[in-house]
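Following: one structure in structure tokens, then a few remarks.
The values are calculated or read from the model by the stated rules, or taken from the named source; none is laboratory data. Keep in mind that this is a model prediction, so the values were computed, not measured. Every residue, glycine among them, receives a Cβ derived from its backbone with ideal geometry; neighbour counts consider all protein chains shown.
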Amino acid sequence: MGFRAKKRVPLAAKRGLKNLGRDLEMARLRRRLKMKVVADRAGISRETLAKIQKGDPGVSIGNYAAAIYAIGLGTDWMTLANIENDRLGRTLDEDRIPKRARD
């Protein structure tokens, strides 16, 4: 990812990725998994795993997902954007629904 693309990532998102990377590294270390093992399980290089652990916004979300799964953290993150949990979106949708016409 070029300099311009990295700059477009909002600061809050960059911080979140740094936290995620740190947490993934800690989870890997707690499980006493070597980087090579996690990288092999995830189908990525050790260099990509190192970038993930640093919270690099240039790494694809697919690689983050593969690393999360390879470390053994499951798939709970997959419900992050579940539309059933999107209260604001549902409220906006409900506001757009026409009110029933009265007789």
Odd one out for Val59, checked against (1) β-branched (Val, Ile, Thr); (2) touching a Lys or Arg at 6+ places or on another chain (Cβ under 6 Å); (3) modelled with pLDDT under 95: (3)
Answer from Leu20, Leu49, Leu33 - the residue that is outside any helix (DSSP H, G or I), modelled with pLDDT of 95 or more and either of a type in the set (A, V, I, L, M, F, W, C) or within 18 Å of Trp77 (Cβ to Cβ) (or both): Leu33
Qualifying position, being without any contact (Cβ under 8 Å) to a residue 12 or more places away in the chain and more than 11 Å from the chain's Cα centre (by Cα), among Lys14, Lys34: Lys34
Which numbered condition Gly74 fails, given (1) exposed (fewer than 12 other Cβ atoms within 10 Å of the Cβ); (2) in a helix (DSSP H, G or I); (3) at pLDDT below 95: (2)
Residues located in segment 47-71, provided they are buried (at least 16 other Cβ atoms within 10 Å of the Cβ), in contact (Cβ under 8 Å) with a residue 12 or more places away in the chain and farther than 17 Å from Lys36 by Cα: Gly55, Asp56, Pro57
Top-ranked residue in segment 50-63 [being in contact with an Asp or Glu (Cβ under 9 Å, 6 or more places away or on another chain) and not small (Gly, Ala, Ser); ranked as nearest to Ala12 (Cα to Cα)]: Lys54
